[in-house]
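Okay, so here's the structure we're looking at.
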Amino acid sequence: MSLDFSPSQEPMTDISLAGMTDVVLLLLIFFLLTSSFIPQMGIQVTLPEVDTSAPVDEQSITVALTADGTYYVNGSQVSGSRLLNEIRAARSNQTTLIVRADEAASIGQFASVASAARALDMRILVATERSGRSP
């Protein structure tokens with residue numbers, strides 16, 4: 001009795017990609033559902049509510065003003081005396097500055113940011129929430 005180890009069939013040369021396409025499709029759906037399409041800042045401010053709003057260019061500098069008088073430039077806490085220098089350092093080719101001011105922030109804080117933006121010849125936009133929506 002001899003043992004024959006030679007294959008009786010041709011080796012499989014085709015690989016089915018149906019399983020891989022299912023996995024890729026599921027990964028695509030997962031990333032689309034878990035990604036955030038609206039950028040959310042980590043600094044909690046209560047934005048004023050208005051009836052209409054306009055879309056914002058994502059290539060801009062964001063300055064947040066909190067109710068306790070703290071300034072944040074692109075998410076980093078900044079003192080009022082260093083505000084102009086920090087905005088200048090964060091600016092590369094951006095011409096727009098978005099102000100995310102808390103409803104309880106003072107007009108003096110806003111004036112400081114507006115003055116710094118004007119000194120750098122930047123356009124100022126104020127972030128707001130649409131009426132009837134929660135943040």
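What the table shows:
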item: Members of the stretch 103-114 that are polar (S, T, N, Q) and either at pLDDT 90 or above or surrounded by 15 or more Cβ atoms within 10 Å (Cβ to Cβ) (or both); result: Q109, S112
item: Matching residues, the stretch 90-102, being surrounded by 14 or more Cβ atoms within 10 Å (Cβ to Cβ) and of a type outside the set (V, I, T); result: A90, R91, Q94, L97, R100, A101, D102
item: Filter result for R82 (outside any loop (DSSP other than H, G, I, E, B), among the charged types (D, E, K, R), within 15 Å of I124 (Cβ to Cβ) and at pLDDT 80 or above); result: no
item: Of residues in the stretch 88-117 being of a type in the set (A, V, I, L, M) and under 18 Å from the mean Cα position of the chain (by Cα), the one farthest from T128 (Cα to Cα); result: A90
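The values are calculated or read from the model by the stated rules, or taken from the named source; none is laboratory data. If you're wondering where the values come from, they're calculated on a predicted model, not measured in any experiment. All Cβ positions, even for glycine, are placed from backbone atoms using ideal geometry, and neighbour counts span all protein chains on display.
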